[in-house]
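Below is one structure; the comments refer to it alone.
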Amino acid sequence: MTAWVPSDALGRRILCGTEYATVRYVGSVPPTAGIWLGVEWDDPQRGKHDGTYEGTQYFKCRHPRGGSFIRPNKANFGVDFLTAVKDRYGLNDEQDVQHGTENTLVFGKKAVEFVGMDSIAEQQRQVQLNRLVDISVRECAVSHAGQKEEISRTCANIRHINLSKNLISSWETVIAIASQVQNLETLNISENKMKFPSTSASVSSVFSKLRILALNQTEITWTEVLLCAPGWPALEELYLTSNNITVLERPDDNVLQPLKLLDLSDNQLLDGNQLHLIAHLPRLEQLILRNTGISSIHFPDAGFGCKTKMFPSLKRLAINDNKISQWSSINELDKLPSLRSLQCHNNPFMDTEKNPETLRQLIIAKISQLEVLNKSEILPAERKGAELDYRKIFGNDWLAAGGNWNPEKNKPSEEFLAAHPRYPLLCLKYGAPEEGELKGRQPLTLKNQLLTLTIKCPEKPEQKPVEKKLPESMTIQRVKGLLYRLLKIPGSELKLSYESSKLEGKEVELDNDLKPLQFYSIESGDCVLVRW
């Protein structure tokens, strides 16, 4: 018996066992008899050729061994959306048939059937389907919408749909399903290789309430995104990872305007300048660019110490796993007016400093408004310590480049300002580094440099201050242990802070027990204050 082949089989997505493929050819393959399907496998290791058999090319494949011929009876063309929902949530007719004996009751040897039980079961199914708000039919071989209006009649309250990794072949299929879901807010159709419109279509209200859309691994291009986007007037989050997007275009002023989050991870962008084309999305707060191949970031509209007009609302930026090798790109991030959180692990510029603590301090000092770095909160004391250290570390470079304690003679070179654009602001904030601070500056990584500190107890003014020499690598926890013994304080929680001998009246809390003294930029001559 000849297996049934859909009239629209060409281009359809299929399952063969557990392997996904796209139908590229339907027809005969002489000298064999019958109909064959020429398929291009998602996993090219599954294939045998490139669509050519016995010297005749029947179809084309991207991979030289990505294609095969299979018989139609081996291909699963999928099911409609509602069938998948009923199967997934145990609400299909077959399960009632299997439990049909529950509709009868035996009196002695006589079986009595309850009339109307089937209709009651059907009513219960309808009630349960109507209650569904959040539906996941991931990997359920969904390929089409089914009968017109059937979804809207059966599942009227759906708001969130996960349709990822199914057999959806075109954007039209997505529209056919979504058009029956009036209040759709979240839609995940990732891992469906599908065709998208190549020309602008008339804008409909199908996605008028859609806020979150995931199109990861769908082979969509940025041009196709912009062609579809007029139909997403309320979209706030758009996920586009792993789509081979290389170039971007600037959206029209009426497209993607409400967008708050954009994820372009795992797309190899042509260069960092592509970011300029999406830099004017007015409400974009989070941009995720992991593994996008970018090697530099630059905002040419703003000079040293100025803020860019690009990405006006951007608060959170992820640039992990890229090729950024120069610190100048980190300097550029200080131009972003709203940036509060940065993830930047696994970039070559991080290899320039072996000490991870120093590396973190450099980034903090370079980006003024940053509050979270690599998912770790930046406390005020940490920022102050980082900025004071930065001011000292590069103090001699500042002097060599034309910096001077006399404001009239202070003219650091353009080259120095390009490398350290925040340096003048740090000098305004804390004062220029004093000559004594810069002479013989010990390296940050020196572990056992001794600090001569004065210990005071403001709550016991009668107790005389004590002078102690402590290694700057000593943790706050160990300092507390020492002070318990030294001051004979009963078992209560100590609260430590310090006053700098150079910044009178400013008190900094020593609030992290795991950090060493040097983390807070404490120096010999400073005063540690002990409270409990």
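The values are calculated or read from the model by the stated rules, or taken from the named source; none is laboratory data. Nothing here was measured: the structure is a model prediction, and the numbers come from that model. All Cβ positions, glycine included, derive from the backbone under ideal geometry; neighbour counts span all protein chains shown. Note: accessible area is taken over every heavy atom of the protein model, side chains too, but ligands, DNA and RNA are not part of it. Shrake-Rupley method; radii C 1.70, N 1.55, O 1.52, S 1.80 Å.
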Mind listing just one residue for me: the one in region 290-317 that is among the hydrophobic types (A, V, I, L, M, F, W, C) and open to solvent by 50 Å² or more (accessible area, probe 1.4 Å) and, of those, nearest to the chain's Cα centre (by Cα)?
Cys306
Checking the structure you have, find out if any residue of region 415-434 is open to solvent by 30 Å² or more (accessible area, probe 1.4 Å), of a type outside the set (A, V, I, L, M, F, W, C) and modelled with pLDDT under 80.
yes
Among (1) assigned to a loop (DSSP other than H, G, I, E, B); (2) within 30 Å of Thr246 (Cα to Cα); (3) at pLDDT 95 or above; (4) not basic (Lys, Arg), which single condition is Ser143 missing?
(1)
Answer from Lys375, Lys366, Lys409 - the residue that is at pLDDT below 90 and either assigned by the TED database to the domain that holds Ser338 or open to solvent by 60 Å² or more (accessible area, probe 1.4 Å) (or both)
Lys409
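Let's see how each residue does on (1) surrounded by fewer than 14 Cβ atoms within 10 Å (Cβ to Cβ); (2) touching a residue at least 12 places away in the same chain (Cβ under 8 Å); (3) within 33 Å of the chain's Cα centre (by Cα):
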site	(1), (2), (3)
Trp4	yes, yes, no
Ala9	no, yes, no
Arg12	no, yes, yes
Thr32	yes, no, no
Gly38	no, yes, no
Gly47	no, yes, no
Gln57	yes, no, no
Pro64	yes, yes, no
Restricting to region 379-397, count the residues that are crowded, with 19+ Cβ neighbours inside 10 Å and without any contact (Cβ under 8 Å) to a residue 40 or more places away in the chain.
3
With the condition kept exactly as written, say whether any residue in region 264-282 is touching a strand residue (DSSP E or B) at 6+ places or on another chain (Cβ under 7 Å), outside any loop (DSSP other than H, G, I, E, B) and under 26 Å from Thr22 (Cα atoms).
no
Within region 168-192, the residues that are more than 14 Å from Leu215 (Cα to Cα), in a helix (DSSP H, G or I), without any contact (Cβ under 8 Å) to a residue 60 or more places away in the chain and touching a helix residue (DSSP H, G or I) at 6+ places or on another chain (Cβ under 8 Å) are none
From the list Asp263, Asp271, pick out the single residue that is of a type outside the set (A, V, I, L, M, F, W, C), under 15 Å from Trp222 (Cβ atoms) and open to solvent by less than 20 Å² (accessible area, probe 1.4 Å).
Asp263
Counting just the residues of region 485-498 that are open to solvent by 70 Å² or more (accessible area, probe 1.4 Å) and not in a loop (DSSP other than H, G, I, E, B), which one comes out modelled with the lowest pLDDT?
Arg485
Taking the conditions exactly as written (of a type in the set (S, T, N, Q) and open to solvent by less than 40 Å² (accessible area, probe 1.4 Å)), does Asn320 satisfy them or not?
yes
Can you pull out the residues in region 436-480 that are surrounded by fewer than 11 Cβ atoms within 10 Å (Cβ to Cβ), at pLDDT 75 or above and either closer than 22 Å to Arg360 by Cα or of a type in the set (Lys, Arg) (or both)?
Lys464, Lys469
